[in-house]
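Data block below; observations after.
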Amino acid sequence: MLKYVRKNSGGIISIFIIGAIALVFIFWGIGGQDTGTVEDIRIDGQPVSQYTYSELLNNVNERLREQKQGAALTADEELGARRQALGYLIDRQNLLGLARGTGRETSVDRLNQEVKSNPMFQVDGRFSLTAYEDLVPRLFNRSLAAFEANLAEDLLIDDTTGFIKGLSFVPAEAVLDEYHFTADKLVLDYAYFPDAAFVPETVPDEAEIKAFYDANLELWRTPAQARLIYAEVDIADFTGGLEVTEEDLADAYFEEKDNLAKPEEAVASQILIRYPNLTPNDEEKAETLKRAGEAFERARTEDFSELAREISQDTMSASQGGALGTVRRDQNVPEVEAVIFGEGKDKIGEVVGPANSIFGYHILKVESYSPAHQPDVEEARAELTEIVTQKKARRLAVDKVEDLLEILPVGNLTAKLFADTAKSVGLEPKETELFGNLEDAPPFLAEDEDLVAAALATPLGQAGPPVENPERIILYAPVEKRESVIRPFEDETVRPEVVAAWQRDNSKKLALGAARAFIESAGSLDWEDMVEALPEGAESGTTEPFARMQFYSAGAYLTEAEPTSFLAEYFKLARKGDLAGNPIRIEGDENLGYLILAVGDIQVADETALTEAELKNLQATARGSVAGSAYEWWAYSRRAQARVQLPPGLQAMIEGQ
């Protein structure tokens, strides 16, 4: 909606939109005009632009503000952000140095793919060269060449990070550790200390009440609210009778050629004869190969799908007669793919293999095969026609919205003016209820905090930024606004609320004290004795066995646990008898209090019950964990060795002076 931005360029909403657009590119390390290399910032003797540091700092600050839900950063947080951004800058230069030293570069195809996949340059979900050429110079004050050079550099950094992670080795023991971590079953003992059981014995005086009010002013803030009038333009209304010419199809084919490409694929089935474990010895390998040979001979003469149901040890595919469905390159076990797209594609309908992988032996049968190919316009005609029709329909819908924007007044737009104008172009105006957050927002704003924030920020008398989704475009304007205010202490309804809040706060403190005392008693008592000594109102219990990663099904108030404190304690519980070292806060609709957990029992999972798909996922998870640690070690060691020269002003800021 560029017309909206131009028409309202002086308003807060246009700033909001452009700011949101720019944040997308801050992550990439690109944004505004690079003012050149500032030579008084040097890392290992190489000059670095202060602009790059500023972008990294903006990114760190933005993440912190999101974590704090928009609250201002403290001085310590700002100092920490400056130091973190400097660390990222050192990492960036080290990664670029490693990339160039090993001859790595970003390919043109990779660069094109990244540009085309960015939503900012898409219309109707597909890349638009016109939008790309228009937006980059105007919104980011950069030539396309400079934009692409920066993007290529950032992609090179991503690839080099992956290269470092790829050097890590994942032993079988790490995969097994990952498996047991996720599949072993726990039995938890717990003690719960509800706030309601710990009522303060004293009543606060007037000074305490007022002091509590002053210290917690945000508790009495009413949220900003708005009520909107809006009109919807349905894109489907414009699809009828549209002409699609051969020239339209040719243009769409040029833009969509990469998306239309058909990958190499095959429809295949398998019978898996599994190793008895992930680290078989020579005898176990030989025995598995013998069983696989016998199965292979049976598969050649018997019904493959029935045999798969009978003997295959991959439970997921066995229940489907061994069917793997459509297999594409790089989506399955490499050894299996080598046979499917090698011998298998040349022997359609025949039994081939067996392929040997970490899981065992795979006996395979390829039912059909399609080579990778690029369809021509004629083959893709139906898909291209739909693309062109949707694009033209959306363009007509956008035109209608922009026509409405052209005739709507700015600054003195009333509900009646909006309604009359909408009706004049054939649209039916509607109104929302008052809303102030994501939960009670109208459907066309739902599930998007940025859209809700933009609507609440739109001034009375002005249309808000149009909202687009796959089916329609919505234009709206506020007809009523209520600003966010803190209710004064003198308000007769506030004092009782402050007293109740003071009592809840002190009950919470008393419950926390009782929970901590319970933990401290573990030094001299066992769990049974600790439970016997629980104060009145506290309770204890034991869960049924549950998989470690399915803790929300375990009961024991875990579905209402505050995530940060819960996860910090829960994943320390590794052995029978382990006791959480800190109370876990419970914040439910009905339950408020503190929870203490201990491991009552651990039921070890059977490794032989693993399916092939589960093993593959576990390998990927373990590889990611090891690889992440490898990169962190590399980055940390390189940061420690880096020679950094900063301008005096920036040096003082990072040192907190």
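Express the relative contact order of the chain as a whole percentage, based on alpha carbon pairs under 8 Å and six or more residues apart in sequence. Don't skip to the end; give the middle numbers.
On the way: 942 pairs, mean separation 156.9, N = 657.
It rounds to 24 percent for the chain.
Tell me which lysines have Cα within less than 20 Å of LYS347's Cα, excluding those fewer than 8 residues away on the same chain?
LYS365
For region 223-268, report the translational diffusion coefficient in µm²/s to the nearest whole number, using Stokes-Einstein at 4 °C, 1.567 mPa s, and a Kirkwood Rh over Cα pairs.
82
Given 37 °C and 0.692 mPa s, how large is the Stokes-Einstein diffusion coefficient of the chain in µm²/s, with Rh as the Kirkwood radius over Cα pairs? Numbers along the way, then the final one.
Numbers: Rh = 31.3 Å.
Rounded, D is 105 µm²/s.
Using only Cα atoms, figure out Rg for region 442-517 and give it as a multiple of 2.2 N^0.38 Å.
Details: Rg = 21.1 Å, N = 76, 2.2 N^0.38 = 11.4 Å.
Against the compact-globule rule of thumb, the ratio is 1.85.
Normalise the Debye intensity by I(0) for region 398-546, one equal point scatterer per Cα, no solvent, then take log10 at q = 0.11, 0.21 Å⁻¹ and round to two decimals.
-0.68, -1.29
What does the charge dipole of region 248-343 about its Cα centre add up to, to the nearest 20 debye, if the Cβ of each Lys and Arg holds +1 and the Cβ of each Asp and Glu holds -1?
Values: 11 positive and 22 negative charges, 74 e Å.
So the dipole magnitude of region 248-343 works out to roughly 360 debye.
Provide the gained length on full extension for the span ARG291 to ARG381, in nm with one decimal, where the gain is 0.36 nm per separating residue minus the Cα-Cα distance. Don't jump to the answer; show the numbers that get you there.
Numbers: separation 90, 0.36 × 90 = 32.40 nm, distance 5.04 nm.
Taking ARG291 through ARG381 to full extension adds about 27.4 nm, to one decimal.
Through the Karplus equation 6.51 cos²θ - 1.76 cosθ + 1.60, θ set to phi - 60°, convert the phi angles of region 188-203 into ³J(HN,Hα) values in whole Hz; use x for Gly and Pro.
Rounded to whole hertz, the list is 9, 8, 9, 10, 10, 10, x, 3, 4, 7, 10, 8, x, 7, 9, 10.
Can you tell me which lysines have their Cα less than 29 Å from the Cα of LYS185? Leave out same-chain residues fewer than eight positions away.
List returned: LYS572, LYS576, LYS616.
When you have a sec, figure out the Kirkwood radius of region 324-482 from all distinct Cα pair distances and drop it here in Å to one decimal? Could the numbers behind the result be given before it?
Working: mean 1/r = 0.0476 Å⁻¹.
Result for region 324-482 stands at 21.0 Å.
Using 0.36 nm per residue of separation minus the Cα-Cα distance, give me the extension gain between ASP109 and GLU471 in nm, one decimal. Provide the component values of the computation, followed by the final result.
Numbers: separation 362, 0.36 × 362 = 130.32 nm, distance 3.18 nm.
127.1 nm is the gain from fully extending ASP109 to GLU471.
Evaluate the distance, in nm, between pseudo-label points positioned 7 Å from the Cα of ALA517 and of LEU460 along their respective Cα→Cβ axes.
It is 5.6 nm.
Could you rank the peptides 374-385, 175-186 by their average count of other C-beta atoms within 10 Å per residue, with the highest value first? Intermediate results must be reported in sequence, preceding the final value.
Values: 374-385: 14.1, 175-186: 17.8.
Those peptides, ordered most packed to least, come out 175-186, 374-385.
For region 202-347, rounded, prolate or oblate, judged on the Cα gyration tensor with a ≥ b ≥ c (square roots of eigenvalues), a/c < 1.5 rounded, else prolate if a/b > b/c? Mind showing how you got there, number by number?
Numbers: a/c = 3.91, a/b = 1.50, b/c = 2.60.
It is oblate, given that a/c is not under 1.5 and a/b is not larger than b/c.
How about LYS391: which lysines have a C-alpha closer than 23 Å to its C-alpha, ignoring those fewer than 8 places off in the same chain?
Partners found: LYS3, LYS116, LYS257, LYS262, LYS400.
Using alpha carbons only, how many angstrom separate the centre of region 83-149 from the centre of region 398-419?
Going from one Cα centre to the other spans 37 Å.
Can you give me the accessible area per residue for region 390-458, using a 1.4 Å probe, in Å²? The partial results should precede the final answer.
Working: 3670 Å² over 69 residues.
Accessible area per residue: 53 Å².
Plugging the Kirkwood radius over Cα pairs into Stokes-Einstein for region 280-329, at a temperature of 25 °C and a viscosity of 0.890 mPa s, what D comes out in µm²/s? Before the final figure, lay out each step's value.
Values: Rh = 12.0 Å.
Rounded, D is 204 µm²/s.
Using only alpha carbons, build the gyration tensor for region 409-467 and give me the equivalent ellipsoid semi-axes, biggest first, whole Å.
On the way: eigenvalues 94, 36, 19 Å².
With the √(5λ) rule applied to region 409-467, the semi-axes are 22, 13, 10 Å.
In 10 Å bins starting at zero, report the fraction of Cα pairs in region 375-430 per bin as a rounded %.
Calculated over all Cα pairs of region 375-430, the distribution is 21, 33, 19, 15, 10, 2 percent.
Any idea what the dipole of the chain comes to, in debye rounded to 20, about its Cα centre with Lys/Arg Cβ at +1 and Asp/Glu Cβ at -1? It would help to have the intermediate numbers written out before the result.
Details: 64 positive and 115 negative charges, 358 e Å.
With only Lys, Arg, Asp and Glu charged at Cβ, the dipole is about 1720 debye.
I'd like the carbon and sulfur percentage of the solvent accessible area for the chain, probe radius 1.4 Å, heavy atoms only, ligands and nucleic acids excluded. Show your work: numbers first, answer last.
On the way: 17550 of 34710 Å².
Ligands and nucleic acids excluded, carbon and sulfur give 51 percent.
Magnitude of the Cβ-charge dipole of region 177-331, K/R +1 and D/E -1, about the Cα centre, nearest 20 debye? Before the final figure, lay out the partial values.
Values: 15 positive and 36 negative charges, 150 e Å.
It works out to roughly 720 debye.
Taking square-rooted eigenvalues a ≥ b ≥ c of the alpha carbon gyration tensor, is region 526-573 rounded, prolate or oblate, where a/c under 1.5 means rounded and, failing that, a/b exceeding b/c means prolate?
Numbers: a/c = 1.87, a/b = 1.69, b/c = 1.11.
Prolate is the answer for region 526-573, as a/c is 1.5 or above and a/b outweighs b/c.
Evaluate the distance, in nm, between pseudo-label points positioned 7 Å from the Cα of LEU438 and of ASP76 along their respective Cα→Cβ axes.
Modelled inter-label distance: 2.8 nm.
Given a 1.4 angstrom probe, what's the average accessible area per residue across region 45-150, in square angstrom?
Numbers: 5620 Å² over 106 residues.
Ligands and nucleic acids excluded, the result is 53 Å² per residue.
Can you give the FRET efficiency for PHE571 and ARG65, using 1/(1 + (r/R0)^6), R0 = 35 Å, r = Cβ-Cβ distance, to the nearest 0.05?
Details: r = 28 Å, r/R0 = 0.79.
Once the sixth-power term is evaluated, E becomes 0.80.
Rounded to whole Hz and in sequence order, give me ³J(HN,Hα) for region 310-319 from the Karplus expression 6.51 cos²θ - 1.76 cosθ + 1.60, θ = phi - 60°, writing x for Gly and Pro.
Those phi angles translate into 7, 10, 5, 9, 9, 4, 5, 7, 4, 5 Hz.
Please name whichever of LEU650, LEU595, SER540 sits farthest to the positive end of the charge dipole of the chain, dipole taken about the Cα centre and charges placed at Cβ: Lys and Arg +1, Asp and Glu -1.
Projecting each Cα onto the dipole axis, the largest value belongs to LEU650.
For a protection proxy built on the mean count of beta-carbon atoms within 10 angstrom, sort 147-156, 275-284 highest first, please.
On the way: 147-156: 18.5, 275-284: 13.6.
Descending mean neighbour count gives 147-156, 275-284.
Using label points projected 7 Å from each Cα along Cα→Cβ, tell me how many nm separate ALA609 and THR279, to one decimal.
2.2
The values are calculated or read from the model by the stated rules, or taken from the named source; none is laboratory data. From a predicted model like this one, the values you see are computed outputs, not experimental measurements. Glycine gets a Cβ as well: all are built from the backbone with ideal geometry, and neighbour counts include every protein chain shown. Note: accessible area is taken over every heavy atom of the protein model, side chains too, but ligands, DNA and RNA are not part of it. Shrake-Rupley method; radii C 1.70, N 1.55, O 1.52, S 1.80 Å.
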